[in-house]
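Asks: Can you read through this structure? Questions will come right after.
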Amino acid sequence: MLAHNITKSHILISSNIEAEITKLEASLAPNRVVVFHEEKFLLEHAKAVVAQSYISESATKYIILAASEFHTVAQNSLLKVLEEPPRNIEYIIITPTKSNLLITIRSRLPIKKGEKAQLIHGCELNIARLDYAAIFAFLKANARISRVDAKLMVEVLYYRATVVDMLILTKAQLDNFDKAYRLLELNSRPQSVLALILMGFIDAS
């Protein structure tokens with residue numbers, strides 16, 4: 001069975017973008033795969049994707065849009081082709097965290113999970129039994145965390161709190177998670193954002 005019969009447009013959440021691209025190029029062969037891999041996906045890249053989309057194809061062509069960050073204007077310019085893709089065109093968007101994408105983008109494509117960062121497996125913080133020493137050690141270990149990885153870590157902390165430690169979060173704690181994403185978008189210091197989340201569990205105890 002050819003790849004275009006089994007792979008449809010989707011969003012792939014993965015911190016190992018290069019590895020995912022390599023796997024996709026291999027699995028989608030012999031179909032044509034066009035890759036747009038950028039650190040920051042800007043309007044100029046979105047325009048190039050749209051132009052590539054309207055180059056007619058006799059067989060399915062896959063267009064991969066991969067980036068650590070997707071600018072809002074660039075995403076808005078892609079809405080039309082994502083909702084009404086040209087004939088024989090499928091899109092795969094790869095990014096480390098779904099919070100990078102607008103709700104309007106996420107509503108148009110199914111979301112799949114790919115490879116996760118090592119920091120997910122290395123996060124063994126027991127949020128149900130947090131104390132100041134544990135928070136200090138955690139923040140020290142993540143002193144140099146990037147903004148992109150900090151977004152992923154926020155999702156990890158939420159998963160650990162609600163699924164692993166099975167906590168029922170207060171409204172204030174939920175608000176802190178929401179606020180964390182907004183602060184990271186505004187270039188707040190990642191360590192301070194993580195501290196905000198964790199201190200919310202100390203204050204509630």
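Asks: How tilted is helix 17-28 with respect to the longest principal axis of the chain? Cα atoms for both, answer in degrees (0 to 90, nearest 10).
Replies: Result, in degrees: 40.
Asks: Here is a further query. In the neighborhood of ASN126, defined by Cβ-to-Cβ distances under 11 Å, what is the net charge if each Lys or Arg adds +1 and each Asp or Glu adds -1?
Replies: So the surrounding residues net to -1.
Asks: From the C-alpha coordinates alone, can you work out the Kirkwood hydrodynamic radius of region 118-203, in Å?
Replies: It works out to 12.8 Å.
Asks: What do you get for the angle between helix 190-203 and the principal long axis of the chain? Use alpha-carbon atoms, 0 to 90 degrees, nearest ten.
Replies: So the helix axis and the longest Cα principal axis differ by about 50 degrees.
Asks: Can you give the net charge of the other residues whose Cβ lies under 15 Å from the Cβ of HIS45, counting K and R as +1 and D and E as -1?
Replies: That sum, taken over residues with Cβ under 15 Å, equals -2.
Taken together, the values in this text are just the output of simple stated rules run on the coordinates, not laboratory data. Treat the numbers as computed from the prediction; the structure is a model and nothing was measured. Quick reminder, even Gly has a Cβ in these numbers, built from the backbone with ideal geometry, and neighbours come from all protein chains shown.
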